[in-house]
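So the structure is just underneath, and the comments pick up after that.
The values are calculated or read from the model by the stated rules, or taken from the named source; none is laboratory data. Remember, predicted model here, so these are calculated numbers, not experimental data. Cβ: placed from backbone, ideal geometry, glycine included. Neighbour counts: every protein chain shown. For accessibility, only protein heavy atoms count, side chains too; no ligands or nucleic acids. Shrake-Rupley method; radii C 1.70, N 1.55, O 1.52, S 1.80 Å.
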Amino acid sequence: MCLAIPAEVIKLLADDMAIVSIDGVSKEVSVALIEEIAVGDYVILHVGHALAKIDPEEARETLDLLRQMGEAVAEVRP
Amino acid sequence: MKYADEFRDKELATGLARAIRAKADPARAYRFMEFCGGHTHAIARYGLEDMLPDNVRMIHGPGCPVCVLPAGRIDMATALAERAEVILCVYGDLMRVPGSRGSSLLKAKARGADVRMVYSTLDAIALAEQNPGREVVFFAIGFETTTPPTAVMIRAAEKKQLSNFTVFCNHVLTPPAMRAILDSDDTVEIDGFVGPAHVSTVIGTEPYAPFARDDGKPVVIAGFEPLDMMQAILMLIEQVNDGRHEVENQYRRAVTASGNQRAIREVAEIFELRDQFEWRGLGSIPASALKLRPAFAHLDAELRFAMSELVVADNPACECPAILRGLKKPVDCRLFGTACTPETPIGSCMVSSEGACAAHWTYGRFRDHQRRLAS
Ligand code: SF4
């Protein structure tokens, strides 16, 4: 029920609507809840509405951190 | 899928599992509640419990809107759907939720009630426009994630001046439910919370501060991918080890401290708190749910159809209340997998794929079986 998925904005439409792509499948959704939105942004999509933008920089940093966390132990305990 | 697959990498998960084992102090137990059903689903689907040491235990919380909706509200909706003039719009998960005496919206539909499944709130608006001679009612449920889309729908109904459209509002709030769990005498010990992912994209991390500050419980907001969960568990273990209790944000790619201000504003303008609301399994919780503000009373189905509150008892054999409070596991219910399956749910935890019983039925029971074979 609360599951939401990442989707890429590929076209902005009138009335706060947009076309997004989910792994190549396109869908018309509402972007009325997002402050500033541009083609190429990734959003979290839930029941036909974009709820938040995904920050690519934060995503990359999280992945780096995940990698470091695993590697740190590998060094201590081979 | 971008921003999903990268967070499912098996090698990274193995590294994180190693880090968790290294950090978890064998001399103590770590009991973390994942509040949100989305996390319960991810834990079961990716077998995360198998990657954790025995002294790190996940407790499934009540954060599934379908699971916490009491049978009385389903009965109210069913009675509404049975009125000839009404078209009731619902999200798919709601169709099979049991009301009293085994009733459900699906059964009402089979008897001729006009119940329509919608994917989005905007579909409900379209139905109202297409059926000017009927009363279209949207059965709104969900936590803070699903409330802003309902707000957008209410704005659209206003703009289009729809006179045949109303909302049966059952939106509930996360922080009061967490508070009810912590304040209840009848709950398991909890050493920290994995905070909701998408609820927090809306409300931000701030509303969890009291649990960290006043209750001494660490909270880590986590995304729904398996690596997100593993990282959050590691962060919680580190907080416990250090004797810290803070709100930390693992899901920084989508959650900020202050949340989605536009969504918060919309919700505040349209909804106000109910004094009390009945939750399945948790009882009546003060200031834990929303209703439409008086300015939007003309869109409130409870007023237009003079719906009166129904409170009905759950099936006494169903252990949902104990499961929602972390006291029992699905297999502790004697109906699990016999009388109660996803095809024939008796309690609400079996209905939505985010319910603890359904998640265990779909993914967990095979592992139980293998474990039995192995021993
Ligand atoms: S197995 Fe069914 S009846 Fe038992 S607790 Fe779960 S949902 Fe309730």
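Tabulated data for the structure shown
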read-out: From the options B:ARG304, B:ARG334, residue that is within 12 Å of the ligand (Cβ to nearest atom), among the charged types (D, E, K, R) and either away from chain A (no Cβ under 14 Å) or surrounded by fewer than 20 Cβ atoms within 10 Å (Cβ to Cβ) (or both); value: B:ARG334
read-out: Out of B:VAL115, B:VAL136, sole residue that is open to solvent by less than 20 Å² (accessible area, probe 1.4 Å), away from chain A (no Cβ under 13 Å) and closer than 21 Å to B:ILE270 by Cα; value: B:VAL136
read-out: B:LEU16 vs. criteria crowded, with 21+ Cβ neighbours inside 10 Å, more than 9 Å from chain A (Cβ to nearest Cβ) and in a helix (DSSP H, G or I); value: no
read-out: Looking only at the range B:281-299, and only at residues there that are in contact (Cβ under 8 Å) with a residue 24 or more places away in the chain and hydrophobic (A, V, I, L, M, F, W, C), the one that is surrounded by the fewest Cβ atoms within 10 Å (Cβ to Cβ); value: B:ALA287
read-out: Tabulated pairs, the range B:131-145, first farther than 16 Å from B:LYS291 by Cα, second open to solvent by 40 Å² or more (accessible area, probe 1.4 Å), C-beta under 7 angstrom, 6+ apart or interchain; value: B:ARG134/B:GLU85; B:GLU135/B:GLU85
read-out: Among the candidates A:VAL39, A:VAL9, residue that is more than 10 Å from every other protein chain (Cβ to nearest Cβ), open to solvent by 70 Å² or more (accessible area, probe 1.4 Å) and at pLDDT 95 or above; value: A:VAL39
read-out: All positions within the range B:173-198 that are within 23 Å of B:TYR251 (Cβ to Cβ) and open to solvent by 10 Å² or more (accessible area, probe 1.4 Å); value: B:LEU173, B:PRO175, B:PRO176, B:ARG179, B:LEU182, B:ASP191
read-out: Checking B:CYS169 against (1) crowded, with 23+ Cβ neighbours inside 10 Å; (2) within 12 Å of chain A (Cβ to nearest Cβ); (3) modelled with pLDDT of 95 or more, the condition it does not meet; value: (2)
read-out: Pairs, first at pLDDT below 95 in the range B:87-108, second crowded, with 22+ Cβ neighbours inside 10 Å and among the aromatic types (Phe, Trp, Tyr), C-beta under 7 Å, six or more apart; value: B:LEU94/B:PHE139
read-out: Count - residues of the range B:195-211 that are assigned to a helix (DSSP H, G or I) and either within 10 Å of another protein chain (Cβ to nearest Cβ) or of a type in the set (A, V, I, L, M) (or both); value: 7
read-out: Residue pairs meeting the criteria (Cβ under 6 Å; at least 6 apart or on separate chains; first within 11 Å of another protein chain (Cβ to nearest Cβ), in the range B:341-359; second open to solvent by 20 Å² or more (accessible area, probe 1.4 Å) and near the ligand (Cβ under 8 Å from one of its atoms)); value: B:VAL351/B:PRO345
read-out: Scan of the range B:315-327 for residues that are more than 8 Å from the ligand (Cβ to nearest atom) and open to solvent by 50 Å² or more (accessible area, probe 1.4 Å), ordered by number; value: B:PRO316, B:LEU327
read-out: Tally of residues being out of contact with any strand residue (DSSP E or B) (no Cβ under 6 Å at 6 or more places or on another chain) and either part of a strand (DSSP E or B) or over 30 Å from B:VAL68 (Cα atoms) (or both) across the range A:1-15; value: 3
read-out: Given (1) within 14 Å of chain A (Cβ to nearest Cβ); (2) surrounded by fewer than 19 Cβ atoms within 10 Å (Cβ to Cβ), index of the condition B:CYS67 fails; value: (2)
read-out: Test: B:GLU278 is in contact (Cβ under 8 Å) with a residue 40 or more places away in the chain and open to solvent by 50 Å² or more (accessible area, probe 1.4 Å); value: yes
read-out: Residues of the range B:337-357 classified as open to solvent by 70 Å² or more (accessible area, probe 1.4 Å) and in contact with a Gly (Cβ under 7 Å, 6 or more places away or on another chain), total; value: 0
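A quick yes/no check of all residues on (1) over 21 Å from the mean Cα position of the chain (by Cα); (2) farther than 30 Å from B:ILE43 by Cβ:
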site: B:SER288; (1), (2): no, no
site: B:LEU292; (1), (2): no, yes
site: B:ASN315; (1), (2): no, no
site: B:CYS320; (1), (2): no, no
site: B:PRO330; (1), (2): no, no
site: B:THR338; (1), (2): yes, no
site: B:SER348; (1), (2): no, no
site: B:GLN370; (1), (2): yes, no
